Amino acid sequence: HMDSVLDILDALESPARGGSPGTAAALGRDLGLCSTPGCRAVLGEPPAPPERPPALTPGQWQLLTELLRHDPATPEMGAVLAPDGSTVALGPLLAGIEAGLRSGGFGRPLPTLDPPADPLWAVTIAEALGTSFLLARRADNATALGPDGCWDDVENPQNYTLRGPPSPVPDPVAIGAMDGVVLGARLARGHLPVAELLRGYYGAGNGSEAGRPPSSYRRRDFGALAGQGRLEKEVAAVLGVLRTLSPTPEFLRDVGTQEVAAVARRAAREFSERYVECPAIVPRCMWGARPYRGTPALLRPPLGSVFLHHTLEPARPCRTFSACARAMRDMQRFHQDTRGWDDIGYSFVVGSDGHLYEGRGWHWVGAHTKGYNTQGFGVGIVGDFTATLPDPDTLALVRDELLPCAVRSGHIRPDFTLRGHRQLGHTDCPGNAVI
């Protein structure tokens, strides 16, 4: 869990224990998280394996070395569960933090890359994306992005398992890379202790469920930094840097300039569509869903309708992962045990924490809009909106992210209709304030 990592960072940065603000990121590189050619060209070759710092207990040292031991065959390893419900790979996160610190004047300066490439982007996402899409281009049925995965226990996470064939950029790597870019850019503008930065960013240990943590806006914030072709430019640039290295990485041999440009263009487009323009969807296994009862019926996409609901109970919007996951379990229990349905009725549920939560999902007929369940998806917003609107960010999550993404991915038709539950039945749902 991220809290365990923050405890380690606190110890490493404590002046009373002989630590300093740059210790954690540099130690990560020394332990092998920066093992790719591009990352080593930027941050330097790791020295001999370090000994345990006196500030860390043997247990903390063992955990840290296990988390930061990079293995290209299992890129999802080294991931931790953050309080906002996201799973973050520490490698690109800490690499971005070190690049940000050094570009801000803390530690030895970063090298000037030729062709020009931004070191922060190179060590977080650009090299990983370029490598992944080049390898996928040359292999049959290979994927270049994803998949997501699930923890065995979100309260006491031990094992993370991917839900499909792995790529070099599974979801934890993508999320860690985006966070590395956002936080590295922040540190380049001004110094802040890393533990303090991460604690504030992920909303760890604040003891409150009153507001969303900054990390829940990572897609928006990364998109702002990557806009106007920046991501494509950096992927092409770092592939150019890799071609100048000796020896040239095998996957880049015989790759021409036009192919590099095509790979960069495709990588930037597909990454942006998946991780910037589409919302994060928390899978059932992450919020603790019970099994479906009976045999689900398949939907036949693309569908022509989306039906908007409010949950009524719980009446208060949920603003953290833990609160929203609890609301999902309560709703599923009510729908199955009290109403006798096979599962939670909604296709998706919208929290005010910045996440969508998978109910019956894209593929299975729901129980949300009687008489119309096979014709569209049911989207419920957590809360009672009889008299008040959901906050603007929550409405934007549906309007500007979910619906365009669903059209682009072929789940709903471009000419779909969006209607409130009350327009199709005798109900006040989704509330007077919404429709």
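The values are calculated or read from the model by the stated rules, or taken from the named source; none is laboratory data. The shown structure was predicted, so the numbers you read here are calculated from the model rather than taken from an experiment. Glycine also receives a Cβ, built like all others from the backbone with ideal geometry; neighbour counts cover every protein chain displayed. Side chains included, ligands, DNA and RNA excluded: accessible areas come from the protein's heavy atoms. Shrake-Rupley method; radii C 1.70, N 1.55, O 1.52, S 1.80 Å.
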The range 167-205 residues near the modelled residue 3 label - backbone nitrogen below 11 Å, point 7 Å along Cα→Cβ: 204-205
Three principal axis lengths of the range 1-120 [C-alpha, angstrom, descending]: 42, 34, 30
Over the chain, relative contact order from alpha-carbon pairs under 8 Å, at least 6 apart, %: 14
Approximate spin-label separation residue 106-residue 393, in nm, with each point projected 7 Å along Cα-to-Cβ: 2.5
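Can you compute the FRET efficiency between residue 418 and residue 143 using 1/(1 + (r/R0)^6), with r the Cβ-Cβ distance and R0 = 45 Å? Round to the nearest 0.05.
For R0 = 45 Å, the calculated efficiency reads 0.90.
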Rounded if a/c under 1.5, otherwise prolate or oblate - the range 85-151, Cα gyration tensor axes: oblate
Distance from the range 357-385 to the range 124-198 (C-alpha centre basis), Å: 30
Charged-residue dipole, Cβ positions (Lys, Arg, Asp, Glu), the range 285-423 about Cα centre, Debye nearest 20: 340
Cut-off under 5 Å, modelled amide H: who pairs with residue 299 long-range: 364, 365
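Treating only the Cβ of Lys, Arg, Asp and Glu as charged (+1, +1, -1, -1), what charge dipole size does the chain show about its Cα centre? Round to the nearest 20 debye.
Working: 42 positive and 47 negative charges, 180 e Å.
Here the chain has a charge dipole of around 860 debye.
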Surface share of carbon and sulfur [accessible, 1.4 angstrom probe, percent] for the chain: 51
Taking N as its residue count, the alpha carbon Rg of the range 285-423 over 2.2 N^0.38 Å: 0.98
Lys/Arg +1, Asp/Glu -1 at C-beta; the range 160-309 dipole; positive extreme among 308, 161, 258: 308
Overall Cα dimensions of the chain, principal axis frame, Å, largest first: 69, 54, 37
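Add -39500 (n - 2.57) for each DSSP H run of 4 or more in the chain, then divide by its residues: what number comes out at 222 nm, to the nearest 500 deg cm²/dmol?
On the way: 15 runs with 159 residues, N = 435.
My calculation for the chain gives -11000 deg cm²/dmol from helical runs alone.
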Among 354, 365, 414 - extreme Cα towards positive end, dipole of the range 285-423, charges at beta-carbon: 365
The chain: most fluctuating residue of 147, 111, 317 per GNM, C-alpha cutoff 10 Å: 111
